[in-house]
Amino acid sequence: MINSLIWLISLGHTVVDLCQGILSILMPRLAENFNLSYFQVGLISMAFTLSSAIAQPLFGALSDRFSIPWLIPAGLILSGIGLSLTGLVPSYNWLLFVVLMCGLGVAIYHPEGSKLTNRCSPRRQKSLGMAIFSSGGNLGLGIGPALAIFILGIGGLRSTWGLVFPGLLIALPFLFLMPGIKCVTNDNGGPTTLKVQINKVKKTNLLSLLLLLLYITVRSWIQSVMLSYLPFYFTQVKGGSEDYAGGVLSLYLVAGAVGTVIGGPIADRWGPRSLFIGSMAVALFTTAPFLWTEGWPVFVFAALSGAGLAANFGPGVVFGQYLMPHNLGLASGLTLGFSVGMGSIGVAVLGVVADRWGLVAAMGIICLLPVVAIATSLLLPDVKGTTVSGEGE
């Protein structure tokens with residue numbers, strides 16, 4: 001049976017991952033308010049990516065060296081405060097600062113949250129537990145734009161102060177449950193030094209870890225490019241309205257949250273490698289029809305493509321923890337943060353392709369990227385029948 005605490009951790013994941021979806025909607029208003037150039041807008045996106053994603057392995061390593069479960073409520077509070085101040089700051093420099101604050105809160109939450117999820121999950125349901133945790137993040141990403149539109153409709157940018165409350169409310173039960181959470185996170189055999197942990201990885205699983213990170217990076221490239229360019233594609237290339245493009249994107253992201261939940265039990269039953277191959281095969285055969293069909297099939301293929309792509313999200317984190325059994329926090333930071341953050345590089349690279357050869361060419365590359373992920377997953381070890389517990393068992 002899944003521990004009820006996992007559902008609370010997933011809910012917290014939903015709240016912190018609202019940030020990216022909300023910022024994407026706030027950005028045009030902020031650019032107009034401060035008269036920003038595209039370069040300055042890019043700096044804001046980079047500031048959020050660097051603080052929220054690239055920093056996660058650092059916090060993961062700290063989490064492995066020292067038991068610091070209070071990072072979970074701290075991340076919720078810090079990200080909420082930073083996000084709530086985006087519409088209230090008086091200058092661009094202050095805007096960069098609060099975006100960094102928001103991203104830092106996101107980075108703080110993820111490694112400790114996924115580590116606690118691993119500890120609370122039953123031995124034979126690690127992927128299911130992590131899938132529940134991961135689906136919370138995908139759901140937050142999907143509903144973030146809708147929440148931002150609602151907040152802006154109340155009173156424009158000045159209404160962003162209300163975004164502080166979700167983080168504060170979800171942080172309260174974590175603070176109340178902290179004594180019990182400390183007992184769970186301290187039950188890890190004692191901290192080991194980062195040098196010893198890395199040496200253990202080098203001796204056994206380094207190649208598999210690099211292959212896994214490459215797989216997750218490819219998935220992140222696809223998802224990030226879809227998030228950034230789908231609205232442009234459906235309005236400029238296919239001639240749809242902004243509402244239609246937004247609806248398709250929301251369906252794609254929400255289906256990803258559903259796919260994440262479905263992927264966990266599949267990985268627990270048939271092994272993570274089989275799930276990695278199967279989910280990317282679904283993405284391979286549905287992404288092109290999603291982009292090039294018309295009418296109701298667009299929505300069918302959008303749901304299948306989004307669900308297929310995201311189904312490997314939770315098992316990817318658990319597999320990383322399996323490969324680094326003495327360093328769960330760092331494994332979580334790498335698979336949740338660093339690799340996902342690499343998606344921003346994919347957006348930049350495909351942006352150059354779109355500028356030079358058109359958006360259709362860029363999206364065509366996205367349709368073929370699952371082939372790279374499938375080839376990579378074939379080289380991963382098959383641990384079917386093994387408890388992918390992240391505990392070295």
In the stretch 245-260, anything of a type in the set (A, V, I, L, M) and either farther than 19 Å from residue 7 by Cα or buried (at least 22 other Cβ atoms within 10 Å of the Cβ) (or both) is listed as 245, 248, 249, 251, 253, 255, 257
Considering only the stretch 19-36, I want to know if a residue exists there that is touching a residue at least 12 places away in the same chain (Cβ under 8 Å), of a type in the set (Phe, Trp, Tyr) and touching a Gly at 6+ places or on another chain (Cβ under 9 Å). no
Matching residues, the stretch 159-170, being more than 21 Å from residue 250 (Cβ to Cβ) and of a type in the set (A, V, I, L, M): 164, 168, 169, 170
Test each condition in (1) in a helix (DSSP H, G or I); (2) out of contact with any Ser or Thr (no Cβ under 6 Å at 6 or more places or on another chain) for residue 295 and report the one that comes out false. (1)
Report yes if some residue within the stretch 319-328 is part of a helix (DSSP H, G or I), among the polar types (S, T, N, Q), at pLDDT 75 or above and farther than 17 Å from residue 220 by Cα; otherwise report no. yes
Have a look at 11, 100, 26 and point out the one that is part of a helix (DSSP H, G or I), farther than 22 Å from residue 338 by Cβ and at pLDDT 90 or above. 11
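The rows are residues; the columns are (1) within 14 Å of residue 254 (Cα to Cα); (2) of a type in the set (A, V, I, L, M).
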{"residue": "123", "(1), (2)": "no, no"}
{"residue": "126", "(1), (2)": "no, no"}
{"residue": "134", "(1), (2)": "yes, no"}
{"residue": "137", "(1), (2)": "yes, no"}
{"residue": "140", "(1), (2)": "yes, no"}
{"residue": "145", "(1), (2)": "yes, no"}
{"residue": "148", "(1), (2)": "no, yes"}
{"residue": "151", "(1), (2)": "no, yes"}
{"residue": "157", "(1), (2)": "no, yes"}
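This table checks each residue for (1) closer than 21 Å to residue 232 by Cβ; (2) under 21 Å from the mean Cα position of the chain (by Cα); (3) of a type in the set (A, V, I, L, M).
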residue: 280; (1), (2), (3): no, yes, yes
residue: 301; (1), (2), (3): yes, no, no
residue: 314; (1), (2), (3): no, yes, no
residue: 337; (1), (2), (3): no, yes, no
residue: 352; (1), (2), (3): yes, no, yes
residue: 367; (1), (2), (3): yes, yes, no
The lone exception for residue 148 - which of (1) within 23 Å of residue 174 (Cα to Cα); (2) in contact with a Ser or Thr (Cβ under 9 Å, 6 or more places away or on another chain) it fails: (1)
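The values are calculated or read from the model by the stated rules, or taken from the named source; none is laboratory data. Only a predicted model underlies this, so the values are computations on that prediction, with no experimental measurement involved. Note that each Cβ is placed from the backbone with ideal geometry, even for glycine, and that neighbours are counted across all protein chains shown.
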